[in-house]
Structures are given as C-alpha cells and as structure tokens.
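The values are calculated or read from the model by the stated rules, or taken from the named source; none is laboratory data. Just so it is clear, the model here is predicted, and its values are computed rather than measured. Backbone-built Cβ (ideal geometry, glycine too); neighbour counts: all protein chains shown.
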C-alpha cells in the first residue's frame, strides 16, 4: 500500500510542477487604448489650424465634452505584455470657434485635477 501511495504522491507532485512551470509562460497581450499619437503628427498640429485639419492629423478626439465643445482631448495608453512600463500621452487642443487657439502637449495624467 505504501508503494502505491508513493507513486500517487510522485504523480501529483509531477503534475503540480508541470502546472507551475507552464503557468509562468502565460502570454500577456499588449494593452493599447486611445488615439495612437505619432510625434510627427503632433509636431505638425499648430495654432490657427481648423478642426478638420486637426482631425486629419490626429484623428477623432478620444474625449469630447458637451459642456466644453472648444476642447478636444487626445489620450493614449500602451502597456506591453508583462512590462511594468506604461507609455502615456495626453494632448489637449483648444478651439476658438473652428480655429485652434492653444495646444497643450504632454500634459501629465492626473485625473484628480
């Protein structure tokens, strides 16, 4: 009986080791949210451009506020797989009518403010 118990224990131990070994190999996908903001396009955005020109360069804004129609927020978040490093960007474009009046680049992400 003890021989059968030892075999069962060894099988259980081997199964546990295999499960632990393969558990570390789990693939984690890249998490990407928001507007992909390329540096060249951001640098081309300038005061005096129209809303259509900004949409052509940066795309449709990620966040539009019905109470502040003169402000468009472009946010971007990327976390690659198991990496702890996160790439974040936040660009705010302000309009006066249909024309860009101000652009804030690389705004720190601080949702509390």
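Details
- Members of segment 35-63 found to be touching a strand residue (DSSP E or B) at 6+ places or on another chain (Cβ under 7 Å), surrounded by fewer than 18 Cβ atoms within 10 Å (Cβ to Cβ) and not in a loop (DSSP other than H, G, I, E, B), listed by number: 42, 50, 51, 63
- Residue pairs meeting the criteria (Cβ under 6 Å; at least 6 apart or on separate chains; first farther than 12 Å from residue 103 by Cβ, in segment 46-60; second surrounded by 15 or more Cβ atoms within 10 Å (Cβ to Cβ)): 59/35
- The residues in segment 64-90 that are in a strand (DSSP E or B) and over 14 Å from the mean Cα position of the chain (by Cα) can be counted, and the count is 8.
- Here 81, 59, 34 are screened, and the one residue that is at positive phi and at pLDDT 85 or above is 59.
- Filter result (over 16 Å from residue 38 (Cβ atoms) and over 20 Å from the mean Cα position of the chain (by Cα)) within segment 48-63: 48, 49, 50, 51, 52
- Any hit, segment 88-96, residues being exposed (fewer than 12 other Cβ atoms within 10 Å of the Cβ), within 26 Å of residue 50 (Cα to Cα) and at pLDDT 85 or above: yes
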